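Remarks on the structure that follows.
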Amino acid sequence: MNKTSSNIMALAPNTSNKRETVCIFGTGDFGRALGHKMIQSGYPVVYGSRSTQISNLIPKDAEVLSHAEAAQKAAIIIIAIQRQHYNFLIPLAEILRGKVVVDISNNLKLNQYPESNAEYLSQLLPGAKVVKAFNTVSAWALQSGTLDASRQVFVCGDDMEAKQMVMNIVRALGLTPLDQGSLLAAQGIENYPLQLFPMWKLPIFLSFGLTAFFFCYCLALDVIYTYIYENKNFSFFIAITIPNRVCPVMALILLALVYLPGVLAAIIQLYRGTKYRRFPDWLDKWMLCRKQLGLIALAFASLHVLFTLVSPMRSFVKWRNGKGIISQALNNKTEPLDSTNAWLSDSYLALGILGFFLFVLLGITSLPSVSNNVNWREFRFVQSKLGYLTLILCTAHTLVYGGKWFLSPSAYKWYLPNIYMLSLVVPCTVLVVKFVLVFPCVDKPLTQIRQGWERTPRYSE
């Protein structure tokens, strides 16, 4: 196959009606699902199996032969069998010489073997052109029509022509091939499906840790302190009240943590006077998980909205309101409307509604289906400009609601500040530093540094 035809195939998969026969070794769930999908896409499929008896599970129109006979009928052989059963391929080495052998296997744990399954297969079949592919797609995804989350297929191999043939098949199945390079990349491709939310570990652990801390903090001040010093049993606060205090605090702090690494990065660049030095590893990892932190913050904000909406239905709230009405009736006294408190109440609710609306907008634009349809400037405007506006509104929402407790001695139980005071430390710090960074005297040199200017050039002319 010459270079011109290879390029044409890369742009247009296979425009002829006749497709090459594909052989699949293995009649398990994935082998059957892959064969069924290939038949739908116009590929003749032949199965190589120990038993040549036709089963009802085998896709219709597929042929079942022995391993040797099936391999002789196709130029592409897909190995849908686990690594521990690869030994049956050794007697077929001569038949498979010069053919494209696709390894789709996965392991049970990360780095289970010294070498990848695909590299091991190439050692068993030195004359075959081994390609790694399809291991990131599940049988269920193939049967259900390849959902968006399962459309990408990582492909790697040492033979460019063999790799191109496999990528053409991937495109014909309605999937998206991603060339990962040589067969040395197979180890990482095989480890990929075994990773459990790799970018979510730090945000989740951080969220669990902060949630546990703030929950215990509120439990000590609102339940234990009240029981010891006031002899009141407010243990039912654990169900609604305390979670409704922890959720907004977590949402605000996590949102601030999304923008704090960007502020720290700007300070480091200003201090160094260059952008051509790596950030510390902890800052790199922090910046890579900002999207996950933002989505978890949105989840906490959504819980806060739900808890707030159900609050009027609580027995405690009904009892407290009824007690106030009865007290006014018995004293024959009506409390006048406090316009100041009414303004504060409406203001903090309005700020919360606007902040939550922008919060949801940030979450929507982070979805791949949305972010892929906007250019970089539009995405940056939403995530940066509107993101800081969201942080300002949410911080103001908390300040208006909990700011009155700063000067109230009764708010400092056991000399500890209220939880809302603690929640304002990180976001206020971020906003103050960001306000300083937008000054022209600071923003101008920072912009020059990010455009390539260096205070002390590495190379002198």
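The values are calculated or read from the model by the stated rules, or taken from the named source; none is laboratory data. Every value quoted in this text rests on a predicted model; they were computed, and no experiment measured them. Cβ coordinates were reconstructed from backbone atoms using ideal geometry, including for glycine residues, and neighbour counts include every protein chain displayed. Only protein heavy atoms, including side chains, enter the accessible area calculation; ligands, DNA and RNA are left aside. Shrake-Rupley method; radii C 1.70, N 1.55, O 1.52, S 1.80 Å.
Between residue 350 and residue 184, the contour length at 0.36 nm per residue exceeds the Cα-Cα span by 54.2 nm. Local charge for residue 178 was computed over the other residues whose Cβ lies under 14 Å away, with Lys and Arg +1 and Asp and Glu -1, and equals +3.
Membrane-span-like helices of the chain, defined as complete DSSP H segments with a Cα extent of 27 Å or more along the helix axis and a mean Kyte hydropathy of at least -1.0, are identified as 241-272, 290-310, 339-365. Taking amide H as placed 1.01 Å from N in the peptide plane, residue 154 has its amide H under 5 Å from the amide H of 134, 136, 178, each at least 5 places away in sequence or on another chain. Taking each of 333/404; 60/163; 73/99 in turn, the alpha-carbon distance tops 18 angstrom for 333/404; 60/163.
Round to the nearest 0.05 the FRET efficiency obtained for residue 384 and residue 75 when R0 = 35 Å and r is the Cβ-Cβ distance.
Numbers: r = 51 Å, r/R0 = 1.47.
Working from the Cβ atoms, E equals 0.10.
When nucleic acids and ligands are ignored and a 1.4 Å probe is applied, residue 182 ends up with an accessible area of around 50 Å². Any chance you could check the Cα centroid distance between segment 205-268 and segment 43-63 for me, in angstrom? Taking the Cα centre of each part, segment 205-268 and segment 43-63 sit 59 Å apart.
Stretched out straight at 0.36 nm per residue, the stretch from residue 113 to residue 56 would grow longer than its current Cα-Cα span by 17.0 nm. For Rg/Rh (Cα atoms, Kirkwood Rh), one of (1) 1.13; (2) 1.00; (3) 0.96 was computed from the structure I shared and the rest are decoys. Which label? Read-out taken from this structure: (1).
A straight Cα-to-Cα reach below 27 Å connects residue 385 with the lysines 275, 285, 291, 434, 444, residues fewer than 8 places away in its own chain not being considered.
Summing charges over all other residues whose Cβ lies under 13 Å from the Cβ of residue 443, with Lys and Arg as +1 and Asp and Glu as -1, gives +3.
For residue 85, the accessible area of its heavy atoms, probed at 1.4 Å with every protein chain present, is near 110 square angstrom. Taking label points 7 Å from Cα along the Cα-to-Cβ direction, residue 333 and residue 435 give a separation of 4.1 nm.
Highest mean first, the peptides 318-331, 360-373 sorted by other C-beta atoms within 10 Å per residue fall in the order 360-373, 318-331. For residue 232, a cut-off of 22 angstrom between C-alpha atoms picks up these lysines, skipping any fewer than 8 places away in its own chain: 318, 323, 413. Using a probe radius of 1.4 angstrom, the carbon and sulfur fraction of the accessible surface of the chain is 61%. Taking all protein chains together and a 1.4 Å probe, the residues 412, 259, 227 rank 227, 412, 259 from largest to smallest accessible area.
In the chain, helical runs assigned H by DSSP with n ≥ 4 each contribute -39500 (n - 2.57); averaged across all residues and rounded to the nearest 500, the mean residue ellipticity at 222 nm is -16500 deg cm²/dmol. Taking Lys and Arg as +1 and Asp and Glu as -1, the other residues whose beta-carbon sits under 15 Å from that of residue 342 total -2. Between residue 342 and residue 277, the contour length at 0.36 nm per residue exceeds the Cα-Cα span by 18.1 nm.
Measuring from centroid to centroid over Cα atoms, what is the spacing of segment 407-448 and segment 314-384 in Å? Centre-to-centre distance over Cα atoms comes out at 21 Å.
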